[in-house]
Every structure is written in C-alpha cells, then in structure tokens.
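Have a look at the structure below before the remarks.
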Amino acid sequence: MFKFMSKKGITFTLSAVLMMGSLVGCGAKTDTKNAASPTPAASAAASAAPTKTELSGTVTASGSSALLPLVKQAATEFMEKNPKVTINVTAGGSGTGIKNVADGTSDIGNSDVEPAAEYKDKDLKDHVVAIAPFALIVNKDVKVDNVTKQQAADIYMGKVTNWKEVGGNDAKIVLVHRPDSSGSRKLVQQIILDNKEFTKDGITQENSGAMKTAVAGQSGSIGYVDTPYIDDTVKALKIDNVAFSEDNIKNGTYKLFGVEHMYTKGEAKDPAKAFIAYISSKEFQGKQVRDLKFLPADLLKK
C-alpha cells in the first residue's frame, strides 16, 4: 500500500510541477513578445532606412559667363544647405569650361554650346540646366529698335558700318565682341551669321558683364549678351520685328537663345553630382531659374 501510494503521489507531483513550469514558460514568452519584440513592419522599416552621409568636399566649376549668375546663385544656396561643401565658380568662357573639365582642371564645365569635335572622345556627360535668351544690345543713343537677321549679320561681318544704313542716325557703328573662347560669340556666329566669320574691327570684352558695360558707355556701339545681364543702361533690339520672350522662344519666332550645359568628365560624383541635382531640381527650376531671367531646362521638350 505504501509503495503504491508513493508512486501515485510522485506522479501527481510531477504533473503539477510540469504544469506550473509550462504556465510560467508561457507567461515569460508573452511578456517578452509584448515588451521587447519589434513588429514586422518596424523591423522592415529599420532595415530599409538608409544611413544618411553628410556631404563634404570642394567642387570647381568654370566656363560660361552667360551662365555664371545662375551657377553662383545655386552654389550659394547649396553651400547654405551643405556647410561642409565648398563650390568655387569662375567664368572664362564656354571653351575654357569645356577644356578645363576635359583636362580634369574643373569638376564642372559650364557652356552655352556643345563641345567641339575634338572633345568627342573625352567622355563628357551633358547636364542641361537652363534655357538662356540672348539679345543684341545697343547704346541708348542708337536710333534703331529693330534689325533683320541679315542686317545684324552684315553689321558683324563689317559690311554695314553706319547706323543710317539700317534706318538709324548718321553715326559709326562700334562693334563689341567676345573672345574666341566665348560660347556667346559662337552662338551669335551660328544663329545670326550662319557660321560666317566676324569682322576683326571693333573691341573685345572678356565676359558678359564687361560687354554690357562697354556697350552702355560707348556711343553708337552694339554687342550681345544673354538677357539676365540686360538692364536700363542699354537697349535690346528686336530681330525681324520679334522681341525676346518665353512665348516667342517656345513658338519658334525668336531664334537667338542658348541651351545651357554643365558638363562632367564621366558620371558626376558627389558633391558635384548633388550640386547638379540641386540646380536641376523642381524647386530650383521652378523659381530661382525664372527669378534670374533664365528659362527652365525643359521649356522646349515636347
């Protein structure tokens, strides 16, 4: 009897202990799950979240003086947002900018025109950042408001030398040029002169700002700049009775404008890549580009 009762007691005791252990174990699992285990969504979000690296370094951009106001404004804003980045922007002309980026002297080459054939194997990547209307400008004493494309070409080829020949006052025409490296010069040569040669008569100014100042200060003078440089010290001429405007560029009646490029050697790398992305962003294209009297890069896209 004692032996039988002992086995039954032992069996009952073991069952009770196992049941209590099971309950304790279940309680522990429940507490751990509620208190510490992340939800599947939280785990996925945590694993997907990228690690943000602060941009740092220096970017050098050189070239077009026509594009200079836009690039300088973008650089100022970008450096405010990224205080560990320094962006150095200089002019020198489109040809200089393309040469510098091809040689590795600059990270970015700014240009009003596409690279010459000599650069076709240099792995230059094109980033279109704006449309720039250009205009022929004259000193305010010139009594002409409009020229035909042919008259403008004849003036810059030296065939017309007096304003009275195109309906103005009897005064000598003073030509103001840009240097051979200038994209603005190449643009006018392509669009107005049909790739014919400029006369060598006249004076040469190194950048768009100097061009505008020279025309403003020289009686009877004529020059050319992109329209962000135009102010009330000079007069912009109509060409074939069409004034520069966004609508006239879009409808094809005003031909004198440039597509503004930022070239990199190969694919851009940060922080240059991030800087170009900022200029190309909807935010910058939608407001600052127009505020600076340029037009958005996608203006002419169908």
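The values are calculated or read from the model by the stated rules, or taken from the named source; none is laboratory data. Note that the structure is a prediction, hence the values are computed from the model and not measured. Backbone-built Cβ (ideal geometry, glycine too); neighbour counts: all protein chains shown. In case anyone asks, the SASA skips ligands and DNA or RNA and just uses the protein heavy atoms, side chains included. Shrake-Rupley method; radii C 1.70, N 1.55, O 1.52, S 1.80 Å.
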For the stretch 88-125, what are the residues that are open to solvent by 10 Å² or more (accessible area, probe 1.4 Å) and part of a strand (DSSP E or B)?
ASN88, VAL89, THR90, ALA91, GLY92, LEU124, LYS125
Within the stretch 288-302, residues being in contact with a helix residue (DSSP H, G or I) (Cβ under 9 Å, 6 or more places away or on another chain), assigned to a loop (DSSP other than H, G, I, E, B) and without any contact (Cβ under 8 Å) to a residue 40 or more places away in the chain number 1
Return yes when VAL289 is open to solvent by less than 50 Å² (accessible area, probe 1.4 Å), aliphatic (A, V, I, L, M) and farther than 30 Å from GLU54 by Cβ and no when it is not.
no
Under 6 Å by Cβ, and 6 or more places apart or on different chains, what pairs join a residue from the stretch 201-228 that is closer than 11 Å to VAL138 by Cα with one that is charged (D, E, K, R) and part of a helix (DSSP H, G or I)?
VAL225/LYS212
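Look at the stretch 71-87 and say how many of its residues are among the aliphatic types (A, V, I, L, M) and open to solvent by 40 Å² or more (accessible area, probe 1.4 Å).
We begin by selecting, within the stretch 71-87, every residue among the aliphatic types (A, V, I, L, M); these are 71, 74-75, 79, 85, 87.
Keeping just the survivors that are open to solvent by 40 Å² or more (accessible area, probe 1.4 Å) gives 79.
Adding up the residues that qualify gives 1.
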Test GLY183 against the stated conditions and say whether it is on the phi > 0 side of the Ramachandran plot and either modelled with pLDDT under 95 or open to solvent by less than 50 Å² (accessible area, probe 1.4 Å) (or both).
no
Checking ASP240 against (1) touching a Ser or Thr at 6+ places or on another chain (Cβ under 6 Å); (2) within 25 Å of LYS81 (Cα to Cα); (3) of a type outside the set (A, V, I, L, M), which test does it fail?
(2)
If we ask which residues in the stretch 203-226 are touching a strand residue (DSSP E or B) at 6+ places or on another chain (Cβ under 6 Å), of a type in the set (Gly, Ala, Ser) and under 19 Å from VAL147 (Cα atoms), their number turns out to be 3
Tally of residues being in a loop (DSSP other than H, G, I, E, B) and buried (at least 22 other Cβ atoms within 10 Å of the Cβ) across the stretch 126-150:
1
I'm trying to understand the selection: among the residues of the stretch 186-196, which are outside any helix (DSSP H, G or I) and open to solvent by 30 Å² or more (accessible area, probe 1.4 Å)?
ASP194, ASN195, LYS196
If you go through the stretch 254-287 one residue at a time, how many are part of a strand (DSSP E or B) and under 11 Å from ALA132 (Cα atoms)?
5
